[in-house]
1. Filter the range 26-50 down to the residues that are in contact with a strand residue (DSSP E or B) (Cβ under 6 Å, 6 or more places away or on another chain) and among the polar types (S, T, N, Q) and list them by number.
2. Would you confirm whether or not the range 34-45 contains a residue that is at pLDDT 90 or above and charged (D, E, K, R)?
3. I'd like to check something: does the range 24-45 contain any residue that is part of a loop (DSSP other than H, G, I, E, B) and within 10 Å of the chain's Cα centre (by Cα)?
4. What are the residues in the range 37-60 that are surrounded by 12 or more Cβ atoms within 10 Å (Cβ to Cβ) and within 13 Å of Arg21 (Cα to Cα), if any?
Amino acid sequence: MLRAALLLVALASPALGQTARVISGEHDDFTRLVVELPAADGWTVGRTAMGYAFATAADTPPAYDLSTVWERIP
């Protein structure tokens with residue numbers, strides 16, 4: 001039974017969504033945000049009615065890790 005449970009966990013792992021880390025940087029005249037995506041994923045960014053939008057071409061959108069994004073932005 002334990003082997004079957006471990007096998008199911010191992011098979012399900014690749015299907016889990018990936019996490020994209022978001023890193024920030026503050027400069028004199030702009031703020032930079034870097035999103036670390038898997039190399040195979042494409043992305044787009046453009047203007048919207050509310051500002052700008054960012055989207056990936058992944059079948060399943062990644063979860064965004066924003067835990068450190070404010071560390072370098074005052």
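The values are calculated or read from the model by the stated rules, or taken from the named source; none is laboratory data. It should be emphasised that the depicted structure is a prediction, and the values quoted were computed from it without experimental measurement. Cβ placement follows ideal geometry from the backbone for every residue including glycine, while neighbour counts extend to all protein chains displayed.
1. Once the filter is applied, which keeps residues that are in contact with a strand residue (DSSP E or B) (Cβ under 6 Å, 6 or more places away or on another chain) and among the polar types (S, T, N, Q), the range 26-50 yields only Thr44.
2. No: zero hits.
3. Taking every residue of the range 24-45 in turn, at least one turns out to be part of a loop (DSSP other than H, G, I, E, B) and within 10 Å of the chain's Cα centre (by Cα).
4. If the condition is that a residue be surrounded by 12 or more Cβ atoms within 10 Å (Cβ to Cβ) and within 13 Å of Arg21 (Cα to Cα), then Leu37 is the only one that fits.
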